[in-house]
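Asks: For reference, the structure I am asking about is given below.
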Amino acid sequence: NAAFLIGLAEGIRPRIAELLPSLPFTMSEYNFYRAAQYGLEAQLVWPEFGQSGYREQPVCTVIERLLPLAREGLERIGIASAESEKYLGIIERRLARRQTGASWQLAKLASLQHSMTREDALKKLLEEFIDHSECNLPVAEWQL
């Protein structure tokens, strides 16, 4: 996440004057709440570079379009391409599998509750979450 955000901040810096006027605060606030409520299923209002106005589109589409800017930004600040590919590749896999930490937890809990009580399922969920975290696997690679 940090590599994506830092790279993106640096990547859009030369075009920030073009981007800021096309995304008023009310739209940013709208996007914030949609992303918090729906995660990777969210629909965001987002401007298109070189075009006036904005349109609602899937958050995954927005992120996919911004990944090249993040790569450019990381390159601009001297991050080796192998390192940026490693971290931005995690974002790409998360988008491809449509799996975040929150979505994994919800799906895993639902699966566990088919064969155990809610209390036992919550305990098992936490144990698996800790195991996956300790293995330092990206969440997109966690199995349900």
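Asks: Among the residues of the range 67-75, is there at least one that is at positive phi and touching a helix residue (DSSP H, G or I) at 6+ places or on another chain (Cβ under 9 Å)?
Replies: No, the range 67-75 contains no residue that is at positive phi and touching a helix residue (DSSP H, G or I) at 6+ places or on another chain (Cβ under 9 Å).
Asks: Would you kindly identify the helices (runs of 4 or more DSSP H) lying entirely within the range 4-90 that contain at least 3 residues that are under 20 Å from the mean Cα position of the chain (by Cα)?
Replies: 25-38, 59-76
Asks: Oh, and also: Residue under question is Gln99, and the condition is that it be open to solvent by 50 Å² or more (accessible area, probe 1.4 Å), farther than 19 Å from Glu10 by Cβ and not hydrophobic (A, V, I, L, M, F, W, C); does it hold?
Replies: No, not satisfied.
Asks: While we're looking at this one, here's another question. Could you identify the single residue in Glu64, Glu128, Glu48 that is farther than 15 Å from Asn1 by Cβ and open to solvent by 80 Å² or more (accessible area, probe 1.4 Å)?
Replies: Details: Glu128 fails: open to solvent by 80 Å² or more (accessible area, probe 1.4 Å); Glu48 fails: open to solvent by 80 Å² or more (accessible area, probe 1.4 Å).
Of Glu64, Glu128, Glu48, the one residue that is farther than 15 Å from Asn1 by Cβ and open to solvent by 80 Å² or more (accessible area, probe 1.4 Å) is Glu64.
Asks: Only residues that are exposed (fewer than 12 other Cβ atoms within 10 Å of the Cβ) and in contact (Cβ under 8 Å) with a residue 24 or more places away in the chain: list them for the range 103-125, please.
Replies: Hits for the range 103-125: nothing passes.
The values are calculated or read from the model by the stated rules, or taken from the named source; none is laboratory data. Only a predicted model underlies this, so the values are computations on that prediction, with no experimental measurement involved. Ideal geometry is used to build each Cβ from the backbone, glycine not excepted, and the neighbour counts take in all protein chains shown. Side chains are part of the model used for accessible areas, which takes the heavy atoms of the whole protein and leaves out ligands, DNA and RNA. Shrake-Rupley method; radii C 1.70, N 1.55, O 1.52, S 1.80 Å.
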